[in-house]
Amino acid sequence: MAVYEHTYKPYAGKLTPEWSRFLIIPRHAYKDIFRSKLFTGFFALCFVGPLIFAIMIYLHHNINALLMLELRVRDLVPINAEFFQIFISIQGGLGFLLTVIIGPTLISRDLANNGLPLYLCRPFSRAEYVIGKMSVLMILISSITWVPGLLLFLFQSYLEGAGWFGNNLRIAVAIFLLSWVWIIILALLSVTISAWVKWRMAASAALFGLFMITNAMGIIINELFRTWIGSIISLSILMQTISDGLFGLRDSFDMDLNEYMIAPVWSAWMAFGLICALCLFLLTRKVRAYEVVR
Amino acid sequence: MDPVISLDGLGVKFGGRPILKDLRGELRGRAIGLLGPNGAGKTTLIHTLLGFHPASSGTARLFGRDIRTDAKSIRALVGYMPERDSFIADMTCVHFVRLMAELSGLPSDAALERAHEALFYVGLGEARYRKLGTYSLGMKQLAKFAQAIVHGPRLIFLDEPTNGLDPPARLRMLELVRQIRDSGHAHILISSHLLRDVEECCEEILIMKDGRIASYCNLEEERKANLKFLEIETRGDSDAFAEAVGTLGCEYALTGDHRIKVVMQDGIEIRDLYRLAASEGVQIRRLNYKRDSLEDIFLKAMEDSDGRL
Amino acid sequence: MSSSADAQFVEHASDKLPWSLWMRQIAAILRLEVKKNFLGRRAILIYLLALAPVLLMAAMAATAGGEISRHSGLAIIIFANIFEGFILRTVVFFGCAWIFMNLFRGEVVDKSLHYYFLAPVRREVLVTGKYLSGLLTSIFLFAGSTVGALFFFYLALGQSANSNYTFNGLGLGHSVSYISITVLACVGYGAVFLVVGLFFRNPMIPAIIIYGWEFINFLLPPVLKKISIIHYLRSLSPVPIPEGPYALIAEPTPAWLSVPGLLILTSLVIVIASLQIRRMEIKYGGE
Amino acid sequence: MSESSEQKIVFEGVSKFYGEILGVNKVNLLVAPGITSLVGPNGSGKTTLMNLMTGLIRPTRGRISILGTRPDQPEKLFRKVGYCSQYDSFPKGLTGFELVRSMLAVHGFHRKEAEPLTWKAIERVGLTDAAHRKVAAYSKGMRQRIRLAQAIAHRPSVMILDEPLNGLDPVARAETMRLFRQLAEEGLHLIVSSHILHEVDTMSDRVILLNNGYVVAEGEIHGVRNEMEEHPMQILIRCDRPSTLASRVFEQDSVVEAKLHKDRRGLFVKTRDADSFYLLLNRIVTEGHINVESVAPVDDDLNAVYQYLIGSRGEDQ
């Protein structure tokens, strides 16, 4: 009989490349998140939109189908910049809901359980930690915004013919950039809130409230001072301004914005940059292995 | 060979207040006990070595790597068990330890293997499939310990590893530490308030006070240095026994009912005492050298460093 | 071991109700709690809330002053709307929710409630002390906020109109009413949220439900209307605001009824809180 | 109520369940003044027992009386009881001094009474220098001590202390134990829970052993040991030739077992007749084949009692 003694052994095997390690966090987070059937269902629903938009594009190019449904091309929504902008804003809205559901607990649970020293005592930096946490959201939201968006764009260019692709390349760029602006702002905001608000419900409410309150304040300021400053204070109007800028449209959502309320696009981008900087600053204050009490 | 930890004038300040002051020394022991009163800077020292706090002056090296420049590669070599309750929410223990291994760079499969190994090793049985939230304090300590060794580090920091453990769990923890020490694969630095725990598993002692090193010594050598005082507890006619000891030429003192302290003279052996006991019909119920116990070493270090106490 | 202080307490407790002891205890609780309410990290939110209407009115005064002063009649209605919609329904409601729910829930979250439970304090005294501290804080902040908003409103009305409206017209009376409504709102909402914070593990949801209830109040039949706080507060408003086309009109309750009504409701709620807290066990969850 | 129970802590058939989970079951206790230590594995019901005494939780069944007062009357109970709980948390933003003084104020003390009491308590736990620093900036040991100060400030006659030594450094441990002894000699009841058995051994007058919510033993430690007759005495003899010693000890019938120490430099001997064994040892050593380094009974302490009654299996594995 052989008896094997199980003693402490050092590890001598291979190591994973360092650049890829931040992906460990989303990988493990997904295991947890998709255990919830409700969430999985919701996530699946997020792909209904792309399907419907794909059908619309398809109908445009299929006379037989139109005949069968007794429709004419004229009756259909035209496929242009606005079409894709609507698509992205619907998907972006879903992305927001997604963020509200999973964003608040991302960092707060680690803080509440004092888990940060466990991450940071390993060859894993603060930046990797934050990027890892953000990528939980970034990957999910990407998969419902610009990824299907660009696929739709390619689908349309394939059906429409070569000329369309070249003429409308701006739309593709806009889809991609707008999605990323939206993704970054959602991920950063929710990770920041998560780092500062421990209580899950409060964090969700804060994220929700941030949009509501800034919007209300923005509108009030616009009305009172007859200015466009409010438009960049309101996160939702800010996003819309950037969206319009990217797609080359103007007040596309009929928000009844008066002429003076439309903020110049450069100011919107600046506000966006400021918000990101503020979030990063707040994050560095909170994401630490240890808090030093003086 | 490089020393495990070499301190080179290391100083750390928080908001201008110095916490660690000009620490110097080379630690080479397999198991090093880190002792000191509250606020002496023990935890700060560990955190600084892990790179959580920047050094404000001087530096330290672990296995020859500088903490200021090689923090990341140092962290690949160490395991850390924090003092406070630390875990990652809502996970089974295996999953938690595996995640920790992956963060240290182990591929997913190897991480799972090592996680089970580590948990087997610390003795968490079926409970490893349960969620950490349901764990008792002792089990959480074990899980924390498992995550500190899962990636096979060469140096393990244990901050108050026996804190809050009930007696059997404490014994098990100390046994594990001794096993790792004896395996020769890793060095261990243990910070603790329980002198007895440190005494049972450490070879070297680093005592800190007010952010300075008050004493650094080898426990075994310290103990050997002092083999003169004997403490004896007897049953029977102890006064007669004590007088008989006096006739040997040894100084003695009765320290209580049936307790005698004897200063051994050269040429006198323990056997001589037994001979007396046999002739007086006295039982020697307890007999041991009053060595410099760790407590004495500790108290001496506290006194030496500032004279008051 | 018994000190002289000990003996003194026993003597008090045995013969009659020890009012002076209770007063001292309430004062001690007040000192601790008011400090926490004002200086704690959680206070930042209520400062922001209290500041918001003042800033809003200040901004209005700074930019649109001239215009408003030309239509002072309209301005008064605008202010009444801002007062009800913004100050009362938003600032005071959420401010009180935050302050009063934190009185107990906050201490459970911080795991510090047992310090009070380990002192020889009647739990009723504890509830009273905590409630008063919340009241002090909320009234100071939100009545202050109302005063500030009014100040800038009058400033916006412009010099001439200002003195006219303020001193000769209804202005002074209106102001007094607005401030007293704010105070009453703190009293009423405070009591409600104190209890909510005691009963619910997660008070966010009941708070939202209450908000919803108060929000749809105008749709409710008159009987149901009476079980809400906003109804009584609205009845006191010096400038009636129409509730919109879908509202079911209920007779506004006269002041001599609505003020004591509110106070009775409040004391009822406080009694419930006292009963609840006598039965409360410290668990802090997750032990 | 009888005169004697006015001076004691009484548990009569007390059970506490959290839903279906057992806290403690059928506890009957009569605790006299002095230091009484609660010992047992984690989750054995020590904290539950303490929380029951202080009315933080209510018993499902049974009756508790603390020097004649029921725990559900906080306004009376806490005139005589101080509780240093295990919750390591504090009201926000206070200094150590403010914490103690303001809780005294909540007790109802006038300011001029409260201040000297506060200083006295802070002095007793040795925090005078740090009194005006924020509690949030205290180290773990200091937080432990300020909680202790808060519990003793109003001079209670019953002190309930849940792991009061946890996190204290060696010097503070010794000082705190000295303080406990001093309080016990003043006639206070001290109920202390601890995991560090050798400290419990030296400090307490009596021990209550808990396991799985049941009281499994109570009383004076060595008394408890002596009642466990079926366990023979175990003695460790450290010497240079333990195997030679082993062959000799079996001359005596009362020796039931001899076992080498792991490091082969000592021998564990189990005997039913310690007296005659020690006399035998005198003879063996005198003969001169063996050099003894030390002799000590192994299981005459709480550790052994714990091992026998609760076992080494500790927690739920």
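The values are calculated or read from the model by the stated rules, or taken from the named source; none is laboratory data. Because the structure is predicted, anything quoted here is derived from the model rather than measured. Using ideal geometry, Cβ is built from the backbone for each residue, glycine included, and neighbour counts are taken over all protein chains shown. Areas reflect the complete protein model, heavy atoms only, side chains present, ligands, DNA and RNA absent. Shrake-Rupley method; radii C 1.70, N 1.55, O 1.52, S 1.80 Å.
Can you pull out every residue in the stretch D:46-65 that is among the small types (Gly, Ala, Ser) and open to solvent by 10 Å² or more (accessible area, probe 1.4 Å)?
Going residue by residue through the stretch D:46-65, those that are among the small types (Gly, Ala, Ser) are D:55, D:62, D:65.
Passing the criteria: only D:GLY62.
Any idea which residue in the stretch A:21-44 is surrounded by the fewest Cβ atoms within 10 Å (Cβ to Cβ), counting only those that are at pLDDT 90 or above and hydroxyl-bearing (Ser, Thr, Tyr)?
Ranking the candidates gives A:THR40 first.
Every residue, every condition in (1) within 19 Å of A:LEU15 (Cβ to Cβ); (2) not hydroxyl-bearing (Ser, Thr, Tyr), yes or no:
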site: B:THR48; (1), (2): no, no
site: B:PHE63; (1), (2): yes, yes
site: B:LYS72; (1), (2): yes, yes
site: B:ARG84; (1), (2): no, yes
site: B:ALA101; (1), (2): yes, yes
site: B:SER104; (1), (2): yes, no
site: B:TYR121; (1), (2): no, no
site: B:TYR129; (1), (2): no, no
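Of all the strands (runs of 3 or more DSSP E) wholly in the stretch D:167-283, which have at least 1 residues that are over 16 Å from D:LEU302 (Cβ atoms) and open to solvent by 60 Å² or more (accessible area, probe 1.4 Å)?
Details: elements: D:189-193, D:206-211, D:214-219, D:233-239, D:255-260, D:266-271.
Strands (runs of 3 or more DSSP E) meeting the threshold: D:214-219, D:255-260.
Could you check the stretch A:128-138 and list, in sequence order, the residues that are open to solvent by less than 10 Å² (accessible area, probe 1.4 Å) and either more than 11 Å from chain B (Cβ to nearest Cβ) or over 30 Å from A:VAL173 (Cα atoms) (or both)?
Our first condition is that a residue be open to solvent by less than 10 Å² (accessible area, probe 1.4 Å); within the stretch A:128-138, this holds for A:129, A:132, A:135-137.
Selection gives A:SER135, A:VAL136, A:LEU137.
Cβ-Cβ below 6 Å, separation at least six or inter-chain, first residue in the stretch C:261-274 and within 16 Å of C:LEU126 (Cβ to Cβ), second at pLDDT 85 or above and open to solvent by less than 30 Å² (accessible area, probe 1.4 Å): which pairs?
The qualifying pairs are C:VAL269/C:ALA191; C:VAL269/C:VAL195; C:ILE270/C:ALA191; C:ILE272/C:VAL195; C:ALA273/C:VAL127; C:ALA273/C:LEU194; C:ALA273/C:VAL195; C:SER274/C:VAL127.
So that you can scan it fast, the table gives a plain yes or no per residue for (1) among the polar types (S, T, N, Q); (2) within 13 Å of another protein chain (Cβ to nearest Cβ); (3) crowded, with 24+ Cβ neighbours inside 10 Å:
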residue	(1), (2), (3)
C:PHE100	no, no, yes
C:HIS114	no, yes, no
C:PHE117	no, yes, no
C:ALA143	no, no, no
C:GLY148	no, no, no
C:PHE151	no, no, no
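Just checking, does the stretch A:64-79 include any residue being in contact with a helix residue (DSSP H, G or I) (Cβ under 8 Å, 6 or more places away or on another chain) and in contact (Cβ under 8 Å) with a residue 24 or more places away in the chain? Break it down into steps so the answer makes sense when it comes.
Keep residues of the stretch A:64-79 that are in contact with a helix residue (DSSP H, G or I) (Cβ under 8 Å, 6 or more places away or on another chain), which gives A:65-66, A:69, A:71-73, A:76-77, A:79.
So of that shortlist, the ones also in contact (Cβ under 8 Å) with a residue 24 or more places away in the chain come out as A:79.
Yes, the stretch A:64-79 contains a residue that is in contact with a helix residue (DSSP H, G or I) (Cβ under 8 Å, 6 or more places away or on another chain) and in contact (Cβ under 8 Å) with a residue 24 or more places away in the chain.
Sort out for me the helices (runs of 4 or more DSSP H) sitting completely within the stretch A:128-234 that have 1 or more residues that are closer than 23 Å to A:CYS46 by Cα.
On the way: elements: A:146-160, A:162-167, A:169-196, A:200-225, A:229-233.
Correct list: A:146-160, A:169-196, A:200-225.
Counting only residues that are more than 14 Å from chain D (Cβ to nearest Cβ), give me the strands (runs of 3 or more DSSP E) lying completely in the stretch B:132-250 with at least 1 of them. Give the steps one after another, and end with the answer.
Values: elements: B:155-159, B:187-191, B:204-209, B:212-218, B:229-235.
Fully inside the stretch B:132-250 and qualifying: B:155-159, B:187-191, B:204-209, B:212-218.
Could you please give the count of residues in the stretch C:31-61 that are in contact with a Lys or Arg (Cβ under 7 Å, 6 or more places away or on another chain) and outside any helix (DSSP H, G or I)?
Looking only at that region, the number is 1.
Among residues belonging to the stretch B:45-78 that are assigned to a helix (DSSP H, G or I) and touching a residue at least 40 places away in the same chain (Cβ under 8 Å), point out the one that is nearest to B:GLU102 (Cα to Cα).
Filtering the stretch B:45-78 down to residues assigned to a helix (DSSP H, G or I) leaves B:45-50, B:71-75.
Of the ones still in play, those that are also touching a residue at least 40 places away in the same chain (Cβ under 8 Å) are B:45-46, B:49-50.
Details: B:LEU45: 26, B:ILE46: 23, B:LEU49: 22, B:LEU50: 18 Å.
Ranking the candidates gives B:LEU50 first.
Any residue in the stretch B:1-20 that is assigned by TED's automatic domain parsing to the domain that holds B:ILE156 sitting within a Cβ distance under 7 Å of a residue that is at pLDDT below 85? List the pairs, counting only those 6 or more apart or interchain.
Partner pairs satisfying both residue conditions: B:PHE14/A:VAL292; B:PHE14/A:ARG294; B:GLY15/A:ARG294.
Got a sec? Which helices (runs of 4 or more DSSP H) wholly within the stretch A:46-122 have at least 2 residues that are under 18 Å from the mean Cα position of the chain (by Cα) and closer than 14 Å to A:GLY149 by Cβ? Break it down stepwise before answering.
Numbers: elements: A:48-60, A:63-69, A:81-102, A:105-112, A:116-120.
Output list reads A:48-60, A:81-102.
How many residues are at the interface with another protein chain (Cβ under 9 Å from one of its Cβ atoms), under 25 Å from C:ALA59 (Cβ atoms) and either surrounded by 19 or more Cβ atoms within 10 Å (Cβ to Cβ) or aromatic (Phe, Trp, Tyr) (or both) if we restrict to the stretch A:200-219?
0
For D:VAL81, all conditions in the list (1) over 23 Å from C:ALA27 (Cα atoms); (2) modelled with pLDDT of 90 or more hold save one; what is the number of the exception?
Looking at each condition in turn, D:VAL81 falls short on (1).
Go through the stretch B:80-101 and give me each residue that's facing another protein chain (nearest Cβ under 8 Å), within 10 Å of A:LEU118 (Cα to Cα) and not hydroxyl-bearing (Ser, Thr, Tyr).
Matches in the stretch B:80-101: B:PRO82, B:PHE87, B:ILE88, B:MET100.
Any idea how many residues of the stretch A:1-56 are without any contact (Cβ under 8 Å) to a residue 40 or more places away in the chain and of a type outside the set (A, V, I, L, M)?
24
So that you can scan it fast, the table gives a plain yes or no per residue for (1) basic (Lys, Arg); (2) surrounded by fewer than 20 Cβ atoms within 10 Å (Cβ to Cβ):
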{"position": "B:SER6", "(1), (2)": "no, yes"}
{"position": "B:GLY11", "(1), (2)": "no, yes"}
{"position": "B:ALA31", "(1), (2)": "no, no"}
{"position": "B:ALA40", "(1), (2)": "no, no"}
{"position": "B:THR48", "(1), (2)": "no, no"}
{"position": "B:ARG61", "(1), (2)": "yes, no"}
{"position": "B:MET81", "(1), (2)": "no, no"}
{"position": "B:SER86", "(1), (2)": "no, no"}
{"position": "B:ALA89", "(1), (2)": "no, yes"}
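Residues B:THR48, B:THR43: which one is polar (S, T, N, Q), modelled with pLDDT under 90 and within 22 Å of B:SER73 (Cα to Cα)? Quick ask: steps written out before the conclusion?
Working: B:THR48 fails: modelled with pLDDT under 90.
Selected residue: B:THR43, the only one of B:THR48, B:THR43 that is polar (S, T, N, Q), modelled with pLDDT under 90 and within 22 Å of B:SER73 (Cα to Cα).
Output the number of residues of the stretch D:146-166 satisfying the condition of being within 9 Å of another protein chain (Cβ to nearest Cβ) and either of a type in the set (S, T, N, Q) or assigned to a helix (DSSP H, G or I) (or both).
Within the stretch D:146-166, residues that are within 9 Å of another protein chain (Cβ to nearest Cβ) and either of a type in the set (S, T, N, Q) or assigned to a helix (DSSP H, G or I) (or both) number 4.
Cβ-Cβ below 7 Å, separation at least six or inter-chain, first residue in the stretch D:163-177 and under 16 Å from B:THR162 (Cα atoms), second among the basic types (Lys, Arg) and modelled with pLDDT of 85 or more: which pairs?
Sorted first by the residue in the stretch D:163-177, then by its partner, the pairs are D:LEU165/D:ARG173.
Restricting attention to the stretch B:13-29, and to residues there that are open to solvent by less than 70 Å² (accessible area, probe 1.4 Å) and over 13 Å from B:THR48 (Cβ atoms), which single residue is farthest from the other protein chains (Cβ to nearest Cβ)? Break it down into steps so the answer makes sense when it comes.
Pass one, the stretch B:13-29, residues open to solvent by less than 70 Å² (accessible area, probe 1.4 Å): B:14-16, B:18-21, B:23, B:25, B:27, B:29.
When the remaining residues are screened for being over 13 Å from B:THR48 (Cβ atoms), the result is B:15-16, B:25, B:27, B:29.
Numbers: B:GLY15: 5, B:GLY16: 9, B:GLY25: 21, B:LEU27: 19, B:GLY29: 17 Å.
Among those that are open to solvent by less than 70 Å² (accessible area, probe 1.4 Å) and over 13 Å from B:THR48 (Cβ atoms), it is B:GLY25.
With the structure loaded, tell me whether B:SER104 is closer than 25 Å to A:ALA112 by Cβ and either open to solvent by 30 Å² or more (accessible area, probe 1.4 Å) or facing another protein chain (nearest Cβ under 10 Å) (or both) or whether it fails that test.
Details: closer than 25 Å to A:ALA112 by Cβ: yes; either open to solvent by 30 Å² or more (accessible area, probe 1.4 Å) or facing another protein chain (nearest Cβ under 10 Å) (or both): yes.
It is true that B:SER104 is closer than 25 Å to A:ALA112 by Cβ and either open to solvent by 30 Å² or more (accessible area, probe 1.4 Å) or facing another protein chain (nearest Cβ under 10 Å) (or both).
Mind counting the residues in the stretch A:94-127 that are open to solvent by less than 10 Å² (accessible area, probe 1.4 Å) and more than 23 Å from B:ALA143 (Cα to Cα)?
Residues meeting the conditions: 5.
In the set D:GLY141, D:GLY108, D:GLY93, which member is open to solvent by less than 10 Å² (accessible area, probe 1.4 Å) and closer than 28 Å to C:ALA27 by Cα? Don't jump to the end; show me each part of the working.
Numbers: D:GLY141 fails: closer than 28 Å to C:ALA27 by Cα; D:GLY93 fails: open to solvent by less than 10 Å² (accessible area, probe 1.4 Å).
Sole residue among the options that is open to solvent by less than 10 Å² (accessible area, probe 1.4 Å) and closer than 28 Å to C:ALA27 by Cα: D:GLY108.
Look through the stretch D:285-297, keep the residues that are more than 7 Å from every other protein chain (Cβ to nearest Cβ) and surrounded by 15 or more Cβ atoms within 10 Å (Cβ to Cβ), and return whichever of them is nearest to the chain's Cα centre (by Cα).
The extreme case among them is D:GLU293.
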